[in-house]
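The values are calculated or read from the model by the stated rules, or taken from the named source; none is laboratory data. All values derive from a computational prediction rather than experimental measurement. In this analysis, Cβ positions are derived from the backbone assuming ideal geometry, glycine residues included, and neighbour counts consider all displayed protein chains. Note: accessible area is taken over every heavy atom of the protein model, side chains too, but ligands, DNA and RNA are not part of it. Shrake-Rupley method; radii C 1.70, N 1.55, O 1.52, S 1.80 Å.
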Amino acid sequence: MTPRPTHRPPASATRNAAADPRAPERSSRAVAHFSAFRAVVKTAGHLERGFAELFKAHDLSLTQYNVLRILRGSGQEGATCGDVGENLIQHDPDVTRLLDRLDHRGLIERARDTKDRRVVRTRITKAGLALLADLDGPVDDVHDRQLGHLSEERLAELTAILDAVREGKA
């Protein structure tokens with residue numbers, strides 16, 4: 001006869017016995033963590049695919065589009081490479097190469113800062129602004145298809161929850 005363990009998991013602990021009876025017991029909190037993680041990752045992939053199709057027709061990646069929006073928002077002053085990197089939706093380890101590709105296409109331009117020659121400022125060109133203007137409507141349409149069924153209140157709640165996850169706050 002095998003002795004019973006003295007430590008018993010809480011009643012809320014779960015085991016995926018249907019999938020594998022050898023699976024270790026998991027707390028309901030661990031299961032909830034993974035379920036939330038999985039939902040966020042799957043949703044992010046779903047949202048990205050909608051934009052990948054749109055941007056592919058314009059030979060742009062989601063990150064390149066994001067750079068153009070950052071630069072449009074920076075106005076005539078432009079932005080440094082570091083500013084662009086800090087404001088990207090998704091981290092890109094090689095912002096310089098990303099900017100090189102956009103510069104090569106004539107969508108951005110770079111120049112030394114007149115006040116501090118050590119600083120290089122990047123600005124969006126007229127061609128870059130025209131491309132964004134062409135994409136504004138279709139981007140709004142994709143957002144509407146993907147998120148239009150949610151009220152502004154629900155969208156604000158979702159945004160607040162996701163911000164809290166990123167910032168590590170409760």
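Summary table
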| quantity | calculated |
| --- | --- |
| Degrees, to the nearest 10: 126-147 long Cα axis against longest axis of the chain | 30 degrees |
| Radius of gyration and maximum dimension Dmax of the range 43-133, Cα, Å | 13.3, 44 |
| Dipole of the chain, positive end: most advanced residue of Gly148, Gln64, Ser27 [Cβ charges, Cα centre] | Ser27 |
| Count of lysine pairs in the chain with Cα separation under 26 Å (8 or more residues apart, or interchain) | 4 |
| Helix-derived mean residue ellipticity, 222 nm - over the chain, DSSP H n ≥ 4, -39500 (n - 2.57), to 500 | -19000 deg cm²/dmol |
| The chain, accessible area per residue, ligands and nucleic acids excluded (1.4 Å, Å²) | 74 Å² |
| Net dipole in debye of the chain [+1 Lys, Arg Cβ; -1 Asp, Glu Cβ; about Cα centre; nearest 20] | 820 debye |
| Cα pair distances in the chain, grouped into 10 Å bins until the bin that holds the longest one, percent each | 8, 26, 25, 18, 11, 8, 3, 1, 0 |
| Max mean-square fluctuation residue, GNM over the chain, Cα-Cα springs under 10 Å, options His58, His143, His33 | His33 |
